[in-house]
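Reading through the structure tokens given below for one structure.
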Amino acid sequence: MKQFKNNLDINYTTFDKWLIYYYQAWSEKESTCILCELDDFRLGKYPFDDNTYKQFSGNIWKYWCYAKDSTNELGFVACRLFGICVNAASVERLWSCMGFLQSNRRNRLMVFIFFYFIYNII
């Protein structure tokens with residue numbers, strides 16, 4: 001895969017640690033062959049060759065869904081990684097929930113008023 005070979009920041013000997021970590025975290029199993037599969041990817045062996053990748057017209061998700069069937073572990077991590085939806089919706093939802101719990105009116109509530117309500121209600 002030419003687009004990955006030209007990037008000098010990617011180092012396979014350090015990348016494998018992250019790959020093993022995420023495989024174990026996501027699958028809850030011990031890795032047995034992910035480094036061998038990564039080496040096949042590095043060498044461009046089938047299904048990691050350029051001709052196979054070009055048939056998917058740059059759709060990386062479809063490519064890894066196809067390649068996943070030829071690998072035991074690397075395809076699982078790749079599909080999980082490329083399946084992450086990158087947007088701000090989950091963060092916006094979090095802020096919306098926090099706004100519901102932590103409103104301006106509640107921020108102005110003083111401690112002695114809070115205890116007054118607690119002791120008079122109970």
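The values are calculated or read from the model by the stated rules, or taken from the named source; none is laboratory data. Remember, predicted model here, so these are calculated numbers, not experimental data. When we count neighbours, we look across all protein chains shown, and the Cβ atoms used for this are built from the backbone with ideal geometry, even at glycine.
Can you tell me which residue is farthest from the chain's Cα centre (by Cα) among those in region 48-74 that are aliphatic (A, V, I, L, M) and within 24 Å of T32 (Cβ to Cβ)?
Once the filter is applied, the top-ranked residue is A67.
Could you list all residues from region 16-44 that are surrounded by 12 or more Cβ atoms within 10 Å (Cβ to Cβ) and either at pLDDT below 90 or among the basic types (K, R) (or both)?
Within region 16-44, D16, R42 meet the criteria.
List, please: which pairs have Cβ atoms under 7 Å, are six or more places apart or on different chains, and start with a residue in region 32-57 that is aliphatic (A, V, I, L, M) and end with one that is surrounded by 12 or more Cβ atoms within 10 Å (Cβ to Cβ) and modelled with pLDDT of 90 or more?
That search, which allows pairs on different chains as well, returns I34/L19; I34/I20; I34/Y23; I34/E73; I34/L74; L38/L19; L38/L74.
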